[in-house]
Amino acid sequence: MKARQPVLLRTARSLTANPSDAEDLLQTALTKTYVAWERIEDHRALDGYVRRALLNTRTSQWRKRKVDEFACDELPEPEPVSGGDDPAERQALHDAMWRAIMKLPARQRAMVVLRYYEDLSEARTAEVLGVSVGTVKSAVSRALGKLREDPELGFVR
């Protein structure tokens, strides 16, 4: 092990980005080799066995890794709307949204209400209104475009 450690450590370093992780990886692979020593038939091929143990161990570590957080430059949360906690501001936004929705044609208004206020799927909305799913998709898309352009909702953007 002492004679082959520099070569095996180089292999471990090629599998990890951190030198300390490479040392841990090599130690784990050598431990696995030691445990399996009796089953190894050709002791002249130990380098290959240890390399395979390195690769298998690293693959297992990679598969088991659980990433809950990702580092990024920008926060994924949207900026809070000014006065978001103010009940009067929330009510004003609610009223402005309903006034904008009431300006939509009846069919688009029905589809928007079913999709976003009643939280129905596109298929269920189509079924309720007796139209195709494609009709729901296109009508809702046009309705959302009109809502985005509504000057009364400009302060939300």
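Summing +1 for each Lys or Arg and -1 for each Asp or Glu, what net charge is found among the other residues whose Cβ lies under 10 Å from the Cβ of Arg13? Mind dumping the intermediate values first?
Details: positive: Arg10; negative: Asp21, Glu23.
Once positives and negatives cancel, what remains is -1.
Hey, which lysines would be in cross-link range of Lys137, C-alpha to C-alpha under 30 Å, not counting anything within fewer than 8 residues on its own chain?
Lys103, Lys146
Could you pull out the trypsin sites (Lys or Arg not before Pro) across region 1-67 that fall in loop regions by DSSP (anything but H, G, I, E, B) with no more than 16 other Cβ atoms inside 10 Å?
Taking region 1-67 and a limit of 16 other Cβ atoms within 10 Å, the loop trypsin sites (Lys or Arg not before Pro) found are Lys2, Arg4, Arg65, Lys66.
Consider the candidate values (i) 21.8; (ii) 17.2; (iii) 18.9; state which one is Kirkwood radius over Cα pairs in Å computed from the structure displayed.
Step by step, Kirkwood radius over Cα pairs in Å for this structure corresponds to label (i).
Got a sec to turn the phi values of region 43-60 into Karplus ³J(HN,Hα) couplings, 6.51 cos²θ - 1.76 cosθ + 1.60 with θ = phi - 60°, whole Hz, x for Gly and Pro?
In residue order, the calculated couplings are 6, 6, 9, 4, 4, x, 5, 5, 4, 5, 5, 4, 5, 5, 5, 5, 5, 5 Hz.
Once you mark the chymotrypsin sites (Phe, Trp or Tyr not before Pro) that are in a DSSP loop and have at most 16 other Cβ atoms within 10 Å, what is the longest gap between them in the chain?
Values: sites that count: Phe70, Phe155.
Excluding the exposed sites themselves, the longest stretch runs over 71-154.
Straight-line reach only, C-alpha to C-alpha below 22 angstrom: list the lysines that Lys2 could link to, leaving out same-chain residues fewer than 8 apart.
Within reach: Lys32.
Under the classification rounded if a/c is under 1.5, otherwise prolate if a/b is larger than b/c and oblate if not, where does region 87-153 fall, given a ≥ b ≥ c as square roots of the Cα gyration tensor eigenvalues?
On the way: a/c = 2.81, a/b = 1.85, b/c = 1.52.
It is prolate, given that a/c is not under 1.5 and a/b is the larger ratio.
Sum -39500 (n - 2.57) across every DSSP H segment of at least 4 residues in the chain, then divide by the residue count to get the 222 nm mean residue ellipticity, nearest 500.
Numbers: 7 runs with 95 residues, N = 157.
Helices in the chain give a 222 nm mean residue ellipticity of -19500 deg cm²/dmol.
If we count GluC sites (Glu not before Pro) as exposed when they sit in a DSSP loop and have at most 14 other beta carbons within 10 Å, what is the longest stretch of the chain that avoids them all? Can you show the working numbers first?
Values: sites that count: Glu41, Glu69, Glu74, Glu118.
Longest gap between qualifying sites, sites excluded: 75-117.
Using a 7 Å offset from the Cα along the Cα-to-Cβ direction at both Ser20 and Arg52, what is the distance between the two label points in nm, to one decimal?
3.2 nm
No lab work stands behind these numbers, since they all come straight from the coordinates. None of these values were measured; they are calculated from a predicted model. As a convention, Cβ positions derive from the backbone with ideal geometry for all residues, glycine included, and neighbour counts pool all protein chains shown.
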